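The values are calculated or read from the model by the stated rules, or taken from the named source; none is laboratory data. For clarity, every value in this text was computed on a predicted model and none was experimentally measured. Methodologically, a virtual Cβ is constructed for each residue, glycine included, from the backbone with ideal geometry; neighbour enumeration extends over all protein chains shown. Only protein heavy atoms, including side chains, enter the accessible area calculation; ligands, DNA and RNA are left aside. Shrake-Rupley method; radii C 1.70, N 1.55, O 1.52, S 1.80 Å.
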Amino acid sequence: VKVADSFNMPRNTPKLSRFTVELQSNFPYAESIQSTLEGEPDQYTFQESTFNVQNKGDVKIDPRSVLTPLRIIFQGESENLEIFNADTGDVWTFEGTTTIDDQLVLDGVRYTLNGQSIFNQTNAGVITLKPGSNSFFLTGITGDYEIKFDFRHYTL
């Protein structure tokens, strides 16, 4: 926060002053101290094709906004991977193949495979998280894999 405007400190007595300071913030939300992978990595790392991601804040996580970033990290074997959030209707697809050593990252609206852009091989979709529980379904898994959700919780 910062001071919104100038203020005066009038003295009521030689030892006492009473005044009001108006503060403002460019960021409208309170933010969790740690991201999900820093504070609760086991709760946000999955190896199943159906799972729930908890957004413990009361603000929608939307990676299109710089205020509520989301990073999804997929490592493992897939062909034509699809990530579907049944609670928001969001679908993200990758028309390609990954191996056990590959790392696919959805970082905001930037999509990479081993650090190289794959945007043109995706549906350009975006995954958001509503407050509360979000039910996910993965298709296109062909072997072992792990998917992680890295974000902070935001409250009004």
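The residue of region 113-127 that is surrounded by the fewest Cβ atoms within 10 Å (Cβ to Cβ), among those that are among the aliphatic types (A, V, I, L, M) and free of Cβ contacts under 8 Å to residues at least 24 places away in the same chain, is Ala124. Within region 128-156, restricting attention to residues that are closer than 29 Å to Asp101 by Cβ and among the hydrophobic types (A, V, I, L, M, F, W, C), which residue is surrounded by the fewest Cβ atoms within 10 Å (Cβ to Cβ)? Checked region 128-156; the qualifying residue surrounded by the fewest Cβ atoms within 10 Å (Cβ to Cβ) is Phe137.
Across region 95-112, the qualifying residues are those that are open to solvent by less than 30 Å² (accessible area, probe 1.4 Å) and part of a strand (DSSP E or B), and the one among them that is farthest from Asp62 (Cα to Cα) is Thr98.
Among the residues of this structure, Phe74 counts as one that is under 17 Å from Glu146 (Cα atoms), touching a strand residue (DSSP E or B) at 6+ places or on another chain (Cβ under 9 Å) and touching a residue at least 60 places away in the same chain (Cβ under 8 Å).
Quick check: anything in region 83-94 within 15 Å of Phe137 (Cα to Cα), surrounded by 13 or more Cβ atoms within 10 Å (Cβ to Cβ), aromatic (Phe, Trp, Tyr) and in contact with a helix residue (DSSP H, G or I) (Cβ under 7 Å, 6 or more places away or on another chain)? Checked region 83-94: at least one residue is within 15 Å of Phe137 (Cα to Cα), surrounded by 13 or more Cβ atoms within 10 Å (Cβ to Cβ), aromatic (Phe, Trp, Tyr) and in contact with a helix residue (DSSP H, G or I) (Cβ under 7 Å, 6 or more places away or on another chain). In this structure, does Thr20 turn out to be among the hydroxyl-bearing types (Ser, Thr, Tyr) and either touching a strand residue (DSSP E or B) at 6+ places or on another chain (Cβ under 8 Å) or in contact (Cβ under 8 Å) with a residue 24 or more places away in the chain (or both)? The answer is no for Thr20. Among the residues of region 105-150, those identified as touching a strand residue (DSSP E or B) at 6+ places or on another chain (Cβ under 8 Å), within 16 Å of Gly89 (Cβ to Cβ) and small (Gly, Ala, Ser) are Gly125, Gly132, Ser133, Ser135. Once region 7-28 is narrowed to residues that are more than 47 Å from the chain's Cα centre (by Cα) and assigned to a loop (DSSP other than H, G, I, E, B), the residue that is nearest to Thr68 (Cα to Cα) is Lys15.
Selection of region 29-52 for residues being part of a strand (DSSP E or B) and either in contact with a Pro (Cβ under 8 Å, 6 or more places away or on another chain) or modelled with pLDDT of 95 or more (or both) yields Thr45, Phe46, Thr50, Phe51, Asn52. Pairing residues of region 39-63 that are more than 18 Å from Gly132 (Cβ to Cβ) with residues that are surrounded by fewer than 14 Cβ atoms within 10 Å (Cβ to Cβ) and among the charged types (D, E, K, R), at Cβ distances under 8 Å and at least 6 apart in sequence or on separate chains, gives Thr45/Glu146; Gln47/Asp144; Gln47/Glu146. Entry remark, region 63-74: residues being surrounded by fewer than 19 Cβ atoms within 10 Å (Cβ to Cβ) and modelled with pLDDT of 95 or more number 4 in total.
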